[in-house]
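Data block below; observations after.
The values are calculated or read from the model by the stated rules, or taken from the named source; none is laboratory data. Computed from a predicted model, the values in this text were never measured in an experiment. Note that each Cβ is placed from the backbone with ideal geometry, even for glycine, and that neighbours are counted across all protein chains shown.
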């Protein structure tokens, strides 16, 4: 282990030597064709860019912000910045001005790399406010030829400058790379932060390399894997997966043509390894269900029948029991008729392993994919641990837990029920925020902030955020996210917010899934004009009640949670939106904020005299403009078991 | 825009009648290379007729047209004129509905294809090479108009705004010296209009196309055009920059003095 290169640039140089020019390191779909880059190309691009940065005065420990969709150039830029001993700061591409301002300012970026005109525009606004940012570099020149500024340079121009600089200073690149130590900072990952300002998580080369190799070994992944890079580069999951793991194994990263073409592009590539948050899995499932509902009745019936078979078979497989011969035969028929073509259509027929991480996934969703034969597994981690804490092992899958500790990780549960861990991915600290760092570490153990426990099999089970778990007035444990996640298993529910702390019972806000409910309504000839209008239709309320009843039923089966069944609900007038501050960019509910902003709605839920409430809503656009609208929201009761 | 002495197209004293109706009456205009030129006017002013004359779809009764300084023979067929480098889009979409967006755009390249139908059918030798060349050109336009995700979608399945964009793509695919757009933003919502306006500007600035367009929406025209000609009842009533047109009392009368919008 010890003689393996430990920093991104060192591994890259090693890969360029190790792999033949025919081995693709990266592919990008451009002009309708997959363009390949070998590891040598990757290195050359990185080197030219790095030297260009050097000629612009980039020094060790300088920071560079990176913003945009997953383009090879942005990954090269990231590696280029690291090659000079710099630190990359990837940003969420849909972040609004205020968030960007905070992060770019706080991280002290001198350089910024943007994908296109949209992102460049955002950064140019920032530059006026943050003089420390000296240069903005852009990849796609489209629409930018009239922006004539000395400090605004094209990616290819920087590379050209680098080639000239390299001729005069032939040893510069290698000298810089050799100065990088494994324990140097490699990126600062800003966490979206459910409370207050984002915090900059400092991560080193060694952490990325150790965790990436840990993941690869766990599933025996090697350089033959194909992955799709389409999740935000600012998400630690993508960094580990499309950058760290790709470097450490040498596998191929594929960048889709655009965000709208991901599904088709994935079909063409047929990835062998997928890493995605539950939201993506939910979306795909919703899409499948809509298409099934639209298909001819015989197909629909057949699908339902064989899904039931697959579910039975999967339950047996998870429990490591013998599958009855009859079901086994039926499953094969189902696979031939339905699952095979479906999985192929999703571009998952070559899949070896898929992970869901970042949030809890619904057992039904999880089991659905597993029933289809997709090897979906759960993983638990966070930015502060490089996404590396625990993950499920083949043959030891269950839908409720997140698996045993990953190699090298120790987990313990605090007296208060919080999950603590130690591992190779544990972060150095929050950038310029030692107080927050001190709060997070307790005697060398990292406090996850999640409540959970170890099961008898030694698997970690996460219930909820530790600070969110509270009690109802009668003393019943109230775990809001646990309930919300159960609700979100319904294809018609996009988001939910459960209330119950210091109350007599549990009540919820529901955010309908506009696409799925609109489709459902259209097929029943229910006319509607907008999201707000659709959400307030009585049949939609009935539809959601069915979903809530299911959740109540499942809650009633757990003696500890029996009393936290849902008694009242209302359908929200708008989608919860990060721009309005109700959820984070990674779609986690900001409870305190919602409770303050919608206090009157919560009061209505707990006021038995009220069956509706007038609401004035404010929307924020991405450019900061706001608009107001009025709505009348109904409040309904629901039965418990 | 870049001023060259030689106009790309000059129409002199054009008149045309349909039966007793004089659709165009002694209209002259010049289109300079590199500019965005607009013909505006109330309904029935003769805007589309003018466009049809410019691309040879109608034959003028009187007057003459000079393309790149050379007088155009009056009876020249529209396909010959198209081959000379004038492409257009239509007010009412004219796409092949059963064909994919990609196929429709490829049609725009037919003028530039030289191999014969038999070798094309075999996809062999020169025609193979040619097809790849043309596909590359089309892909650049698909990238330019950001329609990668509908490449394989049949035109009939596309929403209106995207069909308009595919039609624009097809016209661009012909790499014309002069691009005529007949109400490119008709029937669109504000967002779609802004998108198309952006593409028209980019086609002009980045790809260097000379564009002449007809448009109803005064706001958009004023924002993106370099020069404007105003028609009313078949006559030219004004010509100039957007600012000059806004200040012209004749134009105000034509637009506001009648019941027309």
Inset, instruction - Can you work out which of the residues in region B:43-68 that are surrounded by 18 or more Cβ atoms within 10 Å (Cβ to Cβ) and more than 16 Å from the chain's Cα centre (by Cα) is farthest from residue B:242 (Cα to Cα)? - result: B:60
Legend entry - region A:471-500, residues that are surrounded by fewer than 17 Cβ atoms within 10 Å (Cβ to Cβ) and out of contact with any helix residue (DSSP H, G or I) (no Cβ under 8 Å at 6 or more places or on another chain): A:471, A:473, A:475
Legend entry - Residue list for region A:377-411, restricted to those being in a strand (DSSP E or B) and within 20 Å of residue A:442 (Cβ to Cβ): A:380, A:390, A:405, A:410, A:411
Legend entry - Condition met for residue A:257 (in contact (Cβ under 8 Å) with a residue 24 or more places away in the chain, within 14 Å of chain B (Cβ to nearest Cβ) and in a loop (DSSP other than H, G, I, E, B)): yes
Legend entry - region A:149-181: number of residues that are closer than 30 Å to residue B:204 by Cα and part of a loop (DSSP other than H, G, I, E, B): 3
Legend entry - Within region A:260-275, considering residues that are in a helix (DSSP H, G or I) and touching a strand residue (DSSP E or B) at 6+ places or on another chain (Cβ under 6 Å), the one farthest from residue A:226 (Cα to Cα): A:265
Legend entry - From the options A:521, A:516, residue that is over 30 Å from residue A:475 (Cα atoms), within 28 Å of the chain's Cα centre (by Cα) and assigned to a helix (DSSP H, G or I): A:516
Legend entry - Test: residue in region B:12-21 that is closer than 13 Å to residue B:234 by Cβ, outside any strand (DSSP E or B) and outside the structural domain of residue B:156 (by TED's automatic domain parsing): yes
Inset, instruction - State yes or no: is residue A:233 farther than 20 Å from residue A:351 by Cβ, in a strand (DSSP E or B), modelled with pLDDT of 90 or more and in contact with a strand residue (DSSP E or B) (Cβ under 6 Å, 6 or more places away or on another chain)? - result: no
Inset, instruction - Would you mention how many residues in region A:532-549 are under 18 Å from residue A:565 (Cβ atoms) and in contact with a helix residue (DSSP H, G or I) (Cβ under 8 Å, 6 or more places away or on another chain)? - result: 2
Legend entry - Candidate set: region A:260-275, residues that are within 18 Å of the chain's Cα centre (by Cα) and either within 14 Å of another protein chain (Cβ to nearest Cβ) or farther than 30 Å from residue A:8 by Cβ (or both); chosen: the one surrounded by the most Cβ atoms within 10 Å (Cβ to Cβ): A:266
Legend entry - Near pairs, Cβ below 9 angstrom, 6+ apart or cross-chain, from region A:217-243 (on the phi > 0 side of the Ramachandran plot) to any residue that is surrounded by fewer than 20 Cβ atoms within 10 Å (Cβ to Cβ): A:220/A:352
Legend entry - Those residues of region A:323-356 which are outside any helix (DSSP H, G or I) and closer than 13 Å to residue A:374 by Cα, in sequence order: A:346, A:347, A:348, A:349, A:350, A:351, A:352, A:353, A:354, A:355, A:356
Inset, instruction - Identify all residues within region B:151-176 that are in contact with a strand residue (DSSP E or B) (Cβ under 8 Å, 6 or more places away or on another chain) and surrounded by fewer than 16 Cβ atoms within 10 Å (Cβ to Cβ); write none if there are none. - result: B:152, B:153
Inset, instruction - List the number of the failed condition for residue B:92; all other conditions in (1) more than 12 Å from chain A (Cβ to nearest Cβ); (2) in contact with a helix residue (DSSP H, G or I) (Cβ under 8 Å, 6 or more places away or on another chain); (3) closer than 22 Å to residue B:195 by Cβ hold. - result: (2)
Inset, instruction - Restrict the check to region A:276-283 and report whether at least one residue is part of a loop (DSSP other than H, G, I, E, B) and surrounded by fewer than 17 Cβ atoms within 10 Å (Cβ to Cβ). - result: no
Inset, instruction - Within region A:412-432, count every residue that is assigned to a loop (DSSP other than H, G, I, E, B) and more than 17 Å from residue A:204 (Cα to Cα). - result: 4
Legend entry - In region A:241-254, residue farthest from residue B:152 (Cα to Cα) [restricted to those that are over 12 Å from the mean Cα position of the chain (by Cα) and part of a helix (DSSP H, G or I)]: A:248
Inset, instruction - Please work out if residue B:238 is surrounded by fewer than 22 Cβ atoms within 10 Å (Cβ to Cβ), touching a helix residue (DSSP H, G or I) at 6+ places or on another chain (Cβ under 7 Å), farther than 28 Å from residue B:13 by Cα and without any contact (Cβ under 8 Å) to a residue 60 or more places away in the chain. - result: no
Inset, instruction - Could you look through region B:132-150, keep only residues that are in a loop (DSSP other than H, G, I, E, B) and surrounded by 19 or more Cβ atoms within 10 Å (Cβ to Cβ), and pick out the one that is nearest to the other protein chains (Cβ to nearest Cβ)? - result: B:147
Legend entry - Residue check, residue B:175 under 27 Å from residue B:84 (Cβ atoms), in a loop (DSSP other than H, G, I, E, B), in contact (Cβ under 8 Å) with a residue 24 or more places away in the chain and under 16 Å from the mean Cα position of the chain (by Cα): yes
